[in-house]
1. Can you pull out the helices (runs of 4 or more DSSP H) entirely within the range 1-53 that have at least 1 residues that are more than 18 Å from Asp70 (Cβ to Cβ) and touching a strand residue (DSSP E or B) at 6+ places or on another chain (Cβ under 8 Å)?
2. When you check Leu279 against the structure, is it in contact (Cβ under 8 Å) with a residue 60 or more places away in the chain, in a helix (DSSP H, G or I), in contact with a strand residue (DSSP E or B) (Cβ under 9 Å, 6 or more places away or on another chain) and hydrophobic (A, V, I, L, M, F, W, C), yes or no?
3. For the range 253-279, name all the residues that are surrounded by 15 or more Cβ atoms within 10 Å (Cβ to Cβ) and among the β-branched types (Val, Ile, Thr).
4. Which one of Ala142, Ala169, Ala222, Ala228 is of a type in the set (A, V, I, L, M, F, W, C), touching a residue at least 24 places away in the same chain (Cβ under 8 Å) and in a strand (DSSP E or B)?
Amino acid sequence: MFARRYLPSLPSLLALEAVARLGTASAAAEELNLTQGAISRQLQVLEGQLGVALIIRDKHRLRLTPAAQDFVAEARRALTTLSRASLALRANPTGGSLNLAILPAFGMHWLAPRLARFATQHPEVTVNLSTRLKPFDFSATAFDAAIHYGRQDWPGVDYLKLMDEDLLAVAAPGLPPMARAEDILTQPLLQLESRPGDWGRWLAHHGAANERPPAMLFDQFATMTQAAIHGLGLALLPLFLIRRDLEEGRLVPAFGQAVPALGSYYLVWPKDTPPRAPLTSFRRWLTSELPPVHLG
């Protein structure tokens, strides 16, 4: 719970934030459609409520004390959170929102084709998607959950496993036949920068251990896939991303069958935060989308 006696009024906060940013009461008054006197009164009310001097009055300019500058930085974050909450409410007045961090390739090829079913089953939930490539601190963001690739190595979260991944070595059509896995070392290789050991593990899987070949680096599968299609080199790509490219002949297998990747895909969410209803609905729906687990 927050301490109500120290909770500033919204007009006072807006006046202080505008003065901090613009430097004068007249500029703040113009932006907020108030008089200079009203701005001054709001600042005085805030100083009286907090019991702290916030403003250094220097001729025609107003400067914030160092403590007030720190306070405004925190207040801006609170105002931003409140603004986002208002936008979410306007976007979905009958229900809640789910803020989900996704990996771009997984989001485009696996999640997006299924989201229409979730929207049909849960019209009360608005799903907001943003890209994040690496784990982050949930407490410093507005995200409810995230899609994670790798192992169960994200601290402070719970996991729902979505799928494993199989990688296939592929290239553009016209690649000379290869008699053994080591033959790929004669070709330019493409690699995701977040997975530097993939080619080495692929070679070890095919019996050629202790190799770590150099490769051109990419930050996303989408650009690496296009580079392979246009003949820039061989790429190790997840099967679920390139099935259509294989079916339509834009890519062809370079050598061997698909091999298991080192990691898997998970939905993760903060362990110590009570789940909101939209996340509970989303997790339940995702579970229904997963293939059944066969025992024995």
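Read-outs throughout are calculated quantities, based only on the coordinates presented, and are distinct from any laboratory measurement. None of the values given here were measured: they were computed from a predicted structure. FYI the Cβ positions are ideal-geometry reconstructions off the backbone, even for glycines, and counts take in every protein chain you see.
1. 25-32
2. The answer is yes for Leu279.
3. Once the filter is applied, which keeps residues that are surrounded by 15 or more Cβ atoms within 10 Å (Cβ to Cβ) and among the β-branched types (Val, Ile, Thr), the range 253-279 yields Val259, Val268.
4. One residue alone meets the criteria, Ala169.
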